[in-house]
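Asker: Got a structure for you, questions after.
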Amino acid sequence: MNPENLQVKIKAENLDFYYGANRALKNVTIECFDKKVTAIIGPSGCGKSTFIRTLNRMNDVIPGTRLEGKILIDGADIHAPDVDVVDLRRRVGMVFQKPNPFPKSIFDNIAYGLRINGMKNKRKIEEVVERSLRGAALWEEVKDRLNDNAFSLSGGQQQRLCIARALAVEPEVILFDEPCSAIDPIATAKVEDLIEHLKTRYTVVIVTHNMQQAARVSDYTAFMMLGELVEFDRTEKIFTNPANKLTEDYITGRFG
Amino acid sequence: MRRSTRKKLVQAAGFLALRVAMGLVLAVLVLFLYDIGRKGGGAISWEFLSQAPRRGMTEGGIFPAIVGTFLVTVITALLAIPLGMCSAIYLNEYARQNRLTRLIRLSIRNLSGVPSIVYGLFGVILFVNALRLGTSILSAGLTLGLMTLPWTITASEEALKTIPDSYREGALALGATKWQAIRTNVLPYAVPGMLTGTVLGLARAAGETAPIMFTGAAFYLPYLPKSLSDQFMALPYHLYIMATQHHAIQQVRPLAYGTALVLIVLVLGLNMTAVVIRYRLRRKRR
Ligand SMILES: Nc1ncnc2c1ncn2[C@@H]1O[C@H](COP(=O)(O)OP(=O)(O)OP(=O)(O)O)[C@@H](O)[C@H]1O
Ligand SMILES: [Mg+2]
């Protein structure tokens, strides 16, 4: 499935994932293209979160889990023994469902990733903080209150702060797990605009329950059910002329 | 209509019962503090606080006991705080949550219920005899430290549990190592809570008699300890002697009450410190 001959950024091959005995991903094979937005849709519990969390190996921290198959980023196996998972997570950023600012100042939230990655130069940090906040369309709203606690921001602002925080460490891929499910429609519109914009520089994978959102922001859409990838195609195609009956039923709201 | 008045009555009665219970507890506490304050207040003077006992402890002050309790509490803290925090960090952040860790946790909870006299005897066997530390500040402090450890571990673990996982995951997702995430995004928010529990444990230890009785506390010493391997006088033990073992109990009653007052003020002071730490933490979180 690569009609435009795009560069493949992420490739999952025959991916299986187990929580103990529960097989949450079944033989998933998918390609996410460079500088495109890939949306993952599907009913609750079908393994969307599980899937994107395998991409930055966040599932590694859950005890009793097991992964089979391969994930390649830029052609390199992310489970290869010489891969540093810490470095992988810097390259593959993640924004969570619920905004999770740290109880620090707005500035320190953004600077956090820089500091743990060893950046000491104050001027440079300030520069990156500003650039990241601009990148997340938050700069104008917070530039006069960088030292305020991040908890004082609204939910939508907090989510954009988390996006800025992810941008600051200059990842190549950004994973969004239902980034708008905890924020209001206006804030959602802002985040969607932002994602549109982000794909000029980053590869984006977004999990969403909102069909309109998937249709609006993504170039490619994957439909999953019960741990399996049912259909993967250009978003236009999925939403106008899906090949699989299950996909059609789902996007037309016949089950959910 | 009827039913709702009945419900209201039941509620009013319930509230009343709760208030009475609360009032009773408070009354006992106030009465207790008042009694000690009244009977001990007269004994308190600068001389009482700054001088050693004289004439077979029928006169003079309790300065050596204050110093001894202070020193032994410092040793207790030095053992219980770092070891307790590290154990808690290991148990909560690193150890796999399986049968073994559950068993360890259960054992720790049980240890905090072991009577203090048992710790005292254990201290004699381990520190005084086996490790040849003799009856000393060190032995007594380490014994109290062991006794406090289950409390500090439990309190520290509870504090770590209050830190949301999203802080850990958020840091990891930015490329932090596990230790970096813990050090920079968990501990700063957990330490005040850890300290609160720990200080409460220390306050308890400072007031204990049984664990130090055989491990280092002395009946009477005319001089201050010069090193950690010396014996020492301690407030709770001094009080015990003044109240039950002295040859002229009636005569030294006021001194005993004075000692009790000082000990209570010290323990309450430590508890207040814990409250202040917790209050500060709450304000900062907001
Ligand atoms: N930490 C976990 N431990 C055990 N099982 C889990 C865990 N997380 C998810 N699962 C199971 O894996 C399956 C897939 O869950 P996942 O969270 O990936 O679904 P999802 O598609 O993201 O659902 P939602 O849309 O509700 O977020 C479910 O059956 C779920 O119960
Ligand atoms: Mg999910």
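Asker: Can you list the residues in region B:139-186 whose accessible area drops by at least 50 Å² when all protein chains are present, compared with the chain alone? Use a 1.4 Å probe, heavy atoms only.
Answerer: Relative to the lone chain, where solvent access is computed with a 1.4 Å probe, region B:139-186 loses at least 50 Å² at B:Y167, B:E169, B:L172, B:A173, B:L174, B:G175.
Asker: For region A:172-222 and region B:174-223, compute the distance between their C-alpha centroids and round to whole Å.
Answerer: Rounded to whole Å, the Cα centres lie 48 Å apart.
Asker: If you don't mind, there's one more thing I want to ask. DSSP loop chymotrypsin sites (Phe, Trp or Tyr not before Pro) in region B:156-244 with at most 15 other Cβ atoms within 10 Å of their Cβ, which ones?
Answerer: Those that pass, being in a loop and sparsely packed, are B:F219, B:Y220, B:Y223.
Asker: So what J values fall out for region B:117-125 if you push phi through Karplus, 6.51 cos²θ - 1.76 cosθ + 1.60 with θ = phi - 60°, rounded to Hz, Gly and Pro as x?
Answerer: 5, 5, 4, x, 5, 4, x, 4, 5
Asker: Taking only Cα atoms and a 10 Å spring cutoff, compute GNM fluctuations for chain B and point out the largest among B:A12, B:A43, B:A256.
Answerer: B:A12
Asker: When the Cα centres of region B:122-173 and region B:1-45 are compared, how far apart do they sit, in Å?
Answerer: For region B:122-173 versus region B:1-45, the Cα centre distance is 35 Å.
Asker: Now, a different point. Ordered by residue, what ³J(HN,Hα) values in Hz, to whole numbers, does region B:148-165 give under the Karplus form 6.51 cos²θ - 1.76 cosθ + 1.60, where θ = phi - 60° and Gly and Pro are x?
Answerer: Couplings: 7, 3, x, 5, 5, 4, 4, 4, 5, 5, 4, 4, 5, 5, 6, 7, x, 4 Hz.
Asker: Between rounded, prolate and oblate, where does region B:3-43 land on the alpha carbon gyration tensor, with a ≥ b ≥ c its root eigenvalues, rounded for a/c under 1.5, else prolate if a/b exceeds b/c?
Answerer: Since a/c reaches 1.5 and a/b is larger than b/c, the shape of region B:3-43 is classed as prolate.
Asker: Where both residues lie in chain A, what percent of DSSP beta bridges are antiparallel, nearest 5?
Answerer: 60
Asker: When the Karplus curve 6.51 cos²θ - 1.76 cosθ + 1.60 is applied with θ = phi - 60°, which whole-Hz ³J(HN,Hα) does each residue of region A:238-251 get, with x for Gly and Pro?
Answerer: 4, 8, 10, 8, x, 7, 9, 4, 4, 4, 4, 4, 5, 6
Asker: Which percent of the accessible area of chain B is formed by carbon and sulfur heavy atoms (probe 1.4 angstrom)?
Answerer: The computed percentage sits at 68.
Asker: How much area per residue is accessible in region A:26-169 when the probe is 1.4 Å and only protein heavy atoms are counted (Å²)?
Answerer: Result: 41 Å² per residue.
Asker: Oh, and also: How big is the charge dipole of region B:3-43 about its Cα centre, in debye rounded to the nearest 20, if each Lys and Arg gets +1 on its Cβ and each Asp and Glu gets -1 on its Cβ?
Answerer: 400
Asker: Continuing with the same structure: Taking accessible area as the heavy-atom solvent-accessible surface of the protein chains with a 1.4 Å probe, which residues of region A:54-68 lose no less than 30 Å² upon going from the isolated chain to the full protein assembly?
Answerer: Correct list: A:M58.
Asker: Turning to a different aspect of this structure: Hey, got a sec? Which trypsin sites (Lys or Arg not before Pro) in region A:72-126 land in a DSSP loop and have at most 10 other Cβ atoms within 10 Å?
Answerer: A:K120
Asker: Further question on the same structure: Calculate the mean, over all residues of peptide A:97-110, of how many other protein chain Cβ atoms lie within 10 angstrom of the residue's Cβ.
Answerer: Across the residues of A:97-110, the mean count of other-chain Cβ atoms within 10 Å is 3.
Asker: Compute a Gaussian network model of chain B, connecting alpha carbons closer than 10 Å, and tell me which residue from B:R132, B:R105, B:R55 fluctuates the most.
Answerer: So, out of B:R132, B:R105, B:R55, the one fluctuating most is B:R55.
Asker: Determine how large the accessible area of B:F63 is when every protein chain is in place; take a 1.4 Å probe and give Å² rounded to the nearest 10.
Answerer: 80
Asker: Under 18 Å between alpha carbons, and skipping anything fewer than 8 positions from A:K245 in its own chain: which lysines qualify?
Answerer: Cα-Cα hits under 18 Å: A:K237.
Asker: A follow-up question, please. Looking at the square roots a ≥ b ≥ c of the eigenvalues of the Cα gyration tensor of the protein assembly as shown, which shape do they give, rounded for a/c under 1.5, prolate if a/b is larger than b/c, or oblate?
Answerer: It is prolate, given that a/c is not under 1.5 and a/b is the larger ratio.
Asker: Which of B:P211, B:P236, B:P164 moves the most in a Gaussian network model of chain B with Cα springs under 10 Å?
Answerer: B:P164
Asker: Leaving out ligands, DNA and RNA, what percent of the accessible area of region A:125-256 is carbon and sulfur, probe 1.4 Å?
Answerer: 49
Asker: Where both partners of a DSSP beta bridge lie in the protein assembly as shown, what percent of those bridges are antiparallel, to the nearest 5?
Answerer: 60
Asker: What residue among A:V205, B:V118, A:N5 has its Cα farthest toward the positive end of the dipole of the protein assembly as shown, where the charges are +1 on Lys, Arg and -1 on Asp, Glu, each on the Cβ?
Answerer: Farthest towards the positive end: B:V118.
Asker: What value, in deg cm²/dmol to 500, does the helix sum -39500 (n - 2.57) over DSSP H runs of n ≥ 4 give at 222 nm once divided by the residues of chain B?
Answerer: -23500 deg cm²/dmol
Asker: Going by a ≥ b ≥ c, the root eigenvalues of the Cα gyration tensor, does region B:1-131 fall in the rounded group (a/c under 1.5), the prolate group (a/b larger than b/c) or the oblate group?
Answerer: The shape class here is oblate.
Asker: Under a Cβ-only charge scheme (Lys and Arg +1, Asp and Glu -1), can you give me the dipole magnitude of the protein assembly as shown about the Cα centre, in debye to the nearest 20?
Answerer: Value, rounded to 20: 1920 debye.
Asker: My understanding is that a pair violates if its Cα-Cα distance is over 27 Å; which of A:K35/A:K122; A:K98/A:K190; A:K48/A:K98; A:K104/B:K161 do that in this structure?
Answerer: Beyond 27 Å: A:K35/A:K122.
Asker: Here's a follow-up. Quick one: buried accessible area between B and A, total over both chains, 1.4 angstrom probe, nearest 100 Å²?
Answerer: Counting protein atoms only, the buried area is about 1700 Å².
Asker: Provide the per residue accessible area, probe 1.4 Å, for chain B, rounded to a whole number of square angstrom.
Answerer: I get 54 Å² per residue for this part.
Asker: Please compute the modelled spin-label separation between B:N271 and B:V20, points set 7 Å along Cα→Cβ, answer in nm with one decimal.
Answerer: 2.5
The values are calculated or read from the model by the stated rules, or taken from the named source; none is laboratory data. Since the model is a prediction, treat every value here as computed from it, not as a measurement. Cβ: placed from backbone, ideal geometry, glycine included. Neighbour counts: every protein chain shown. Each accessible area value is taken on the protein alone, full model and side chains, heavy atoms only, with ligands, DNA and RNA left out. Shrake-Rupley method; radii C 1.70, N 1.55, O 1.52, S 1.80 Å.
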